[in-house]
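Rule-based calculations on the coordinates, nothing more; no lab input. Bear in mind the structure is a predicted one, so any value in this text is a computation, not a measurement. Backbone-built Cβ (ideal geometry, glycine too); neighbour counts: all protein chains shown.
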Ligand code: GLY
């Protein structure tokens, strides 16, 4: 099946759209076109070649700007952990991304509540959940990882920890998101499982491999729009939204968190890669587990993204529409993930 894909190239100074092309035209990032469409395994990795390292991948088109920021660290030999933190901070601070950080859509009571996690090459991890009024939950999650004996802080505890560590309190509900919420209140119709036709998209998750061949990952979101107050999704749950194993690879998720949590998706994908599956096949199997157990899978969107430590990339989703961004020295590329055909 052929679908139209966008082909974007980033330069050190920023991202410039050079035009559009079929994904199959991208034999490799920034290299000569190849005419045939097929699996990502064939397209991004013709002859099974991994992408050149260092490498950063992230979910959705907002990943293009996030990748660019991460790349500034990776290209100079910086640590993947710093790259995945700095990368998603761009998205957290962008009020136009209505599913992450500042400007994120609120819960049904009008509160912007944030979930985030981070994991490094040693298997160390930190996370925050149900955090309010702090612009950069990813950096709070990193502080939890590095400066406490714990993995996860939630709610008021997380907020106090952030303030004690110098993070300013800020109102994250923008006028635009407040208006969207007020409009929603007129019907209060809650459809968290609707396919990702909403241009607001979803969680940003990011994976990077640095010049030292070390992996790290990050994930940050304001969660489902108009969720129940107190609802926490997959994004702060290590093993669900994100898992990194430096010996094997890393995986991350976007979409309806409940489905990802119930199948411990990212951990599953990394374990499948450990057993020899390619990142693409492992992501597909992660999606198959969700589809197999859920008769209503047509109403759910989940997307997985994975890299193995050699630089092979995989991405798979339930519904058409999940895009992901891939950047290395050869460019910054936005691709459509393959989806479940049923
Ligand atoms: N994947 C984001 C969430 O379900 O909250």
_Six or more apart or on different chains, Cβ atoms under 6 Å: show the pairs whose first residue is in segment 208-228 and on the phi > 0 side of the Ramachandran plot and in contact (Cβ under 8 Å) with a residue 12 or more places away in the chain and whose second is surrounded by fewer than 21 Cβ atoms within 10 Å (Cβ to Cβ) and not in a loop (DSSP other than H, G, I, E, B)._
226/184
*Quick one: would you say residue 247 is within 14 Å of the ligand (Cβ to nearest atom) and touching a residue at least 24 places away in the same chain (Cβ under 8 Å)?*
no
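Quick one: which strands (runs of 3 or more DSSP E) sit completely within segment 116-230 and have at least 3 residues that are surrounded by fewer than 20 Cβ atoms within 10 Å (Cβ to Cβ)? Lay out the reasoning, then the answer.
Details: elements: 125-132, 152-154, 204-209, 215-221.
It comes to none.
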*List the number of the failed condition for residue 246; all other conditions in (1) on the phi > 0 side of the Ramachandran plot; (2) touching a strand residue (DSSP E or B) at 6+ places or on another chain (Cβ under 6 Å); (3) surrounded by fewer than 19 Cβ atoms within 10 Å (Cβ to Cβ) hold.*
(1)
*asked:* Tally up the residues in segment 231-244 that are in a loop (DSSP other than H, G, I, E, B) and either within 12 Å of the ligand (Cβ to nearest atom) or out of contact with any helix residue (DSSP H, G or I) (no Cβ under 8 Å at 6 or more places or on another chain) (or both), please.
replied: 9
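Hey, could you check segment 263-304 for residues that are part of a strand (DSSP E or B) and touching a helix residue (DSSP H, G or I) at 6+ places or on another chain (Cβ under 7 Å) and say which is surrounded by the fewest Cβ atoms within 10 Å (Cβ to Cβ)? Before the answer, list the steps.
If we filter segment 263-304 for residues that are part of a strand (DSSP E or B), which is where we start, we get 302-304.
Imposing the further condition that a residue be touching a helix residue (DSSP H, G or I) at 6+ places or on another chain (Cβ under 7 Å) reduces the set to 302, 304.
Details: 302: 29, 304: 33.
Applying the filter and picking the extreme gives 302.
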*Residue check: is residue 282 within 22 Å of residue 216 (Cα to Cα), within 17 Å of the chain's Cα centre (by Cα) and away from the ligand (no atom under 14 Å from the Cβ)?*
yes
